[in-house]
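To start, the structure under review is shown below, and the notes come after it.
Read the figures in this text as sums done on the coordinates, not as results from a lab. Not measured: the values here are computed from a predicted model. Reconstructed Cβ throughout: ideal geometry from the backbone, glycine too, with neighbour counts over all protein chains shown.
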Amino acid sequence: MIAYFDLFSGISGDMTLGAFVDLGVPVDWLRKKIATLLVDGFDIRAEDTWHNGIKAVNIFVDAEENPPARHYTAIKKLISDSPLSERVKNLSLSAFEKIARAEAAIHGSDLETVHFHEVGGIDAVVDIVGAFLCVEYLGITQVSASTVAVGSGSVRCSHGVIPVPVPAVAAMLQGIPVKPSNAEMELVTPTGAAIITTLATGFGRMPEMVMDRTGYGAGKRESSAGLPNLLRIVTGREVADKPESPLRSAGFVTQESVFVVETSIDDMNPEFSGYLMERLFQANALDVCFFPVQMKKNRPGTRLEVVCRPKDVQGIIDLVLSESTTTGVRCHEQQRMVLPREETSVQTGFGTVSVKKITDPDGNDRLMPEFEVCRAIALQKKMPLKDVYRQVCLDMDRSRL
């Protein structure tokens, strides 16, 4: 089963549980499962509520007052020693490790001894372990999510007033597409960030699927922006008779989604272009190109085109807007066809040299010298680059005989 998390109003642990209960997970079943690792001191209640006319499930975790703060080591042992399935254990441990690493880095503390008082103690265990139990109960095997709305403003915690998104959430959402919101409130909690970054394999548009059910989980706050404080989870199944993409080739060619970020510039010092290209590649750009164009008022200009993976698109956009003189960019998703490639090495007259091995559509391999490697040899040996390149190619051909 496919699940799509629509994060138009963020995500928290109780919102996730509420949406799953709305999708059909029994509260009694969930309570009994969690009781296998938390013997007492908690209860789970579900109530129907309405936000902007939408019925949702509001989950309440009743815990003992002032529960002791647990260390990360204690939580790992609690989960590892439980009778839960290996999948639920592994997902839960991964989520708590994300929180622990974020908290340890922020507070400058040791990973194994970081306290979880900021994420609710028993609440956090119920929310995180419960979410993965629900995934297992519903038979969900594939999860994706929308761009994450993170809220704005500030919140008060045990350390004082801190900005939204709170530091732990900001750390866990690194590399994840996010968007601002007019809601001056915390839309994404640490438990919510840990759950969605552990489950989702991609962030963006809803995947193609046959929709089955929709569940709504309610948050505990009212948004000043008028948007209902809800998490929507849509479940479905793959399209049975989905036509094969005309771009998808047989054999060894694979298809993948990438984003293309582009802009046109007519007022930037050309010397800045090389620096911008270096920064873009450092930010994981797959390709960077400059094209001469004729712009408005008949001015000569340059069109910048950057290809990147979905997880890197926001960082690429920010870099183009900050390091160039443009005031806006265009961004669109495209499909690209790629051949498998890997790094290997061959014996040459210059010693062991790194080369690229590329597999053609028919399955045959071809070797290509690495430019930077040949360049370094040319400088070291004080030889023309073209001679080094030719010699490496000859040695590669001999190695294949």
Distant-in-sequence amide H partners of GLN142 (H built 1.01 Å from N, under 5 Å): ALA3
Virtual paramagnetic centre 7 Å along Cα→Cβ of LYS356, amide N under 14 Å, in region 279-316: 286-288
Sequence-distant lysines (8 or more away, or on other chains) whose Cα lies within less than 19 Å of LYS386: LYS356
Karplus 3J(HN,Hα) series, Hz, for region 46-53 with 6.51 cos²θ - 1.76 cosθ + 1.60 (x for Gly, Pro): 10, 10, 7, 9, 10, 10, 6, x
Compactness of the chain as Cα Rg over 2.2 N^0.38 Å, two decimals: 1.21
Nonlocal amide H pairs with SER345, under 5 Å, H built at 1.01 Å: VAL355
Per-residue HN-Hα couplings for region 374-383 [Karplus 6.51, -1.76, 1.60; θ = phi - 60°; Hz; x = Gly/Pro]: 5, 4, 5, 5, 4, 5, 5, 8, 6, 10
Karplus-derived 3J(HN,Hα), 6.51/-1.76/1.60, for each residue of region 11-27, Hz, glycine and proline x: 7, 9, x, 6, 5, 5, 4, x, 5, 5, 5, 5, 7, x, 6, x, 5
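A 28 angstrom limit on the alpha carbon distance is what I want to check against. Which of LYS55/LYS89; LYS55/LYS179; LYS33/LYS77; LYS33/LYS98; LYS33/LYS179 exceed it?
On the way: LYS55/LYS89 32 Å; LYS55/LYS179 26 Å; LYS33/LYS77 17 Å; LYS33/LYS98 23 Å; LYS33/LYS179 35 Å.
From the list (LYS55/LYS89; LYS55/LYS179; LYS33/LYS77; LYS33/LYS98; LYS33/LYS179), the Cα-Cα distance tops 28 Å for LYS55/LYS89; LYS33/LYS179.
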Other-chain or far-sequence residues with amide H under 5 Å of LEU286's (modelled H): VAL307, CYS308, ARG309
In region 360-401, trypsin sites (Lys or Arg not before Pro) in a DSSP loop with at most 11 other beta-carbon atoms within 10 Å: LYS382, ARG400
